[in-house]
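The values are calculated or read from the model by the stated rules, or taken from the named source; none is laboratory data. Just so it is clear, the structure is predicted and the values come from calculations on it, not from any experiment. Positions of Cβ are backbone-derived with ideal geometry, glycine not excepted, and every protein chain shown enters the neighbour counts.
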Amino acid sequence: MSGLLKFITCGSVDDGKSTLIGHILYDSKLLYADQEKALLLDSKVGSRGGAIDYSLLLDGLMAEREQGITIDVAYRYFTTDKRSFIVADTPGHEEYTRNMAVGASFAQLSIILVDAKQGVLVQTRRHARICALMGIHHFVFAVNKMDLVDYSESRFNEIVEDINELSETLGLQDVVIIPVSATEGDNVTKKSPHMPWYTGKALLEHLETVDVSETENVSEFYLPVQRVSRPNHEFRGFQGQIESGRVHVGDIITTLPSNETAAVKTILVGSDDREEAVAGQAVTIQLDKEVDVSRGCVLTNNNEIPVAKGFEATLLWMDDSRLEVGKEYLVKLGTKKIAGVVKSIEFKTDVNTGEHLHADTIEKNEIALCKIGLSDKVVLDEFKRNKTLGELILIDRVSHMTSACGVVESVDTEGEKPYFQKDDVKVGGYVFEEFYFNLENALLSKVDKEVKTYHVGDVVPVEGDSFAYPGYFDIVSLEDSAAVLIRDKRVQDIIPLDEYVFMGLPVVDERGFALEIRSNDDYQMFLREFEAADNKSEFHNKWFKFETYRRIVCTDNFWMI
């Protein structure tokens, strides 16, 4: 046998996706006796004059049968003499594009149906683009309803030209085009006598023999940690599925993002001790020393996997409400869930032409390239290099609904630009970024303007929508151990904190919060309490005040800012 094949069927409404798979199940004698009887009975009261309606095998919801369309993703499992299969039959209607994307996320191969009478449609292009976005490399374009165009070879060749053009535009790697009739069974499970001009394989034969194995770098081991197991004080194991390569007892591995090294002490597969484990296995790994590892970290023998706070991603927007620049979401990357914000929309993609279009907002089912910033550094990679570390979803923090799915296109390995820099002294923060309160969603967001790095002599923007600083003040950053001296709205100097002397001017931190410092004694106490503080929140509540120089501006639309 050729091993398991996971595939998806997609295309426009009424292209015959459910009928095609139903016919494979029926012709291959893969139904139980009661299923076959139920199918014959349901077909007699259906809309095809008593002829068998194969789509009823997959359209299980009452709403689907009433409308004659697929709404939800229907998964079916079947086995022939040559291979085992899992198929996801997905909706064709644009309204249910997000359902189709869910099915595509699991598949190795996509069958995209094209109506022989209508040809390649916008929804055909959308589904092909989403399948490619989800990392599917193997495509079958099934040109269906050939019986309705009298099995015309010339009509098939016209559609083949359009499909080849689409494949070239999207960079599809393995494409097979098969003329079929899902209703009549032509070229579905066996070759059709009605199309002698077609010399390729029938659809089922192709599915049974196609090689979907992916080439991978087996020397590169990595495991995203899903759970830290601590059954007693003597054992601390890191659990997860090995996504690439193999690991042996005694191997020296690196923990990311902490970048510590340790040796593998034990490997457990279930409750069994093993000397090695390979990609695809769920394991528990114990190291020979304590390291800083929690859920979302990665164990690897490749310490060049990126660790960053920012990246660009292609997103398929799935939410009924539009994407809002500046709104915070939960970002699920690998096994890590972390707060993040959509910082900008670089462009959206016209699903029909592939053209990049300017956009201030993204609506449901649209595809866009966006810049995303995270609240902390995480392990991630480009999707084309490491699929598990490069696929993501955005989760709405209020409704907890999945707002978008997508893939990482590039990683910002240079890190965030410092707000202030002089030689090796750098200060970060967001002293000049705006705070907006969205009335509709009751969310506070920090909206990035075009961040630039200020140097000695530069003029700074002391007034904005949500902040107003005096012309003379000092910025003290405990995190960066540095101070910035602002004089007459210009950067006079950027110095290490141990060189800073309180001169009686107003003092703020790198976020723009006023520091309750009125004298040099206050300043010295501030430093001492910071060093001794066990509870940072109590320390901040005592010394930091938001509303002195900052305010929150209400707005209905972040995306318009």
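When residue 336 is tested against (1) out of contact with any Cys (no Cβ under 7 Å at 6 or more places or on another chain); (2) surrounded by fewer than 20 Cβ atoms within 10 Å (Cβ to Cβ), only condition (2) is not met. Identification of strands (runs of 3 or more DSSP E) wholly contained in the range 452-525 with 2 or more residues that are of a type in the set (D, E, K, R) yields 490-496.
If the condition is being part of a loop (DSSP other than H, G, I, E, B) and buried (at least 21 other Cβ atoms within 10 Å of the Cβ), then the range 298-312 contributes only 306. Considering only the range 343-362, I want to know if a residue exists there that is under 28 Å from residue 302 (Cα atoms) and either without any contact (Cβ under 8 Å) to a residue 12 or more places away in the chain or touching a Leu at 6+ places or on another chain (Cβ under 9 Å) (or both). No, the conditions are met nowhere in the range 343-362. Inside the range 277-287, residues that are exposed (fewer than 15 other Cβ atoms within 10 Å of the Cβ) and either among the hydroxyl-bearing types (Ser, Thr, Tyr) or at pLDDT below 90 (or both) make up a count of 1. Those residues that are touching a residue at least 60 places away in the same chain (Cβ under 8 Å) and either part of a strand (DSSP E or B) or of a type in the set (Lys, Arg) (or both), I need them from the range 274-297; list them, please. Once the filter is applied, which keeps residues that are touching a residue at least 60 places away in the same chain (Cβ under 8 Å) and either part of a strand (DSSP E or B) or of a type in the set (Lys, Arg) (or both), the range 274-297 yields 283, 285, 295.
Looking at this structure, is residue 350 of a type in the set (Asp, Glu) and surrounded by fewer than 22 Cβ atoms within 10 Å (Cβ to Cβ)? Judged against the criteria, residue 350 is a match. Take the conditions under 42 Å from the mean Cα position of the chain (by Cα), under 21 Å from residue 427 (Cα atoms) and not aromatic (Phe, Trp, Tyr) and apply them to residue 552. Does it pass? The answer is no for residue 552.
Is it the case, given these coordinates, that residue 407 is more than 10 Å from the chain's Cα centre (by Cα), of a type in the set (A, V, I, L, M) and either at negative phi or at pLDDT 85 or above (or both)? In short, no. On the given criteria, is residue 216 among the acidic types (Asp, Glu), modelled with pLDDT under 90 and surrounded by fewer than 15 Cβ atoms within 10 Å (Cβ to Cβ)? So residue 216 passes the test. The lone criterion from (1) among the basic types (Lys, Arg); (2) outside the structural domain of residue 234 (by TED's automatic domain parsing); (3) more than 30 Å from residue 121 (Cβ to Cβ) left unmet by residue 348 is number (3).
Out of the residues in the range 144-162 that are out of contact with any Leu (no Cβ under 8 Å at 6 or more places or on another chain) and outside any helix (DSSP H, G or I), state the one that is farthest from residue 23 (Cα to Cα). If we take residues in the range 144-162 being out of contact with any Leu (no Cβ under 8 Å at 6 or more places or on another chain) and outside any helix (DSSP H, G or I), then 152 is farthest from residue 23 (Cα to Cα).
Residues that are exposed (fewer than 14 other Cβ atoms within 10 Å of the Cβ) and more than 21 Å from residue 257 (Cβ to Cβ) within the range 364-402 comprise 384, 398, 399, 400, 401, listed in sequence order. Can you confirm whether the range 531-553 contains a residue that is under 25 Å from residue 421 (Cα atoms) and polar (S, T, N, Q)? Checked against the condition, which is being under 25 Å from residue 421 (Cα atoms) and polar (S, T, N, Q), the range 531-553 yields no hits at all. Among residues of the range 114-129 that are not assigned by TED's automatic domain parsing to the domain that holds residue 368, those with a Cβ under 6 angstrom from a residue that is part of a loop (DSSP other than H, G, I, E, B) and basic (Lys, Arg), sequence gap 6+ or separate chain, pair up as 115/145; 116/145. Pairing residues of the range 139-154 that are within 24 Å of residue 170 (Cβ to Cβ) and at pLDDT 95 or above with residues that are among the acidic types (Asp, Glu) and surrounded by 15 or more Cβ atoms within 10 Å (Cβ to Cβ), at Cβ distances under 6 Å and at least 6 apart in sequence or on separate chains, gives no pairs at all.
Tally time: how many residues in the range 106-122 are within 17 Å of residue 165 (Cβ to Cβ) and surrounded by 21 or more Cβ atoms within 10 Å (Cβ to Cβ)? Total meeting the criteria: 3.
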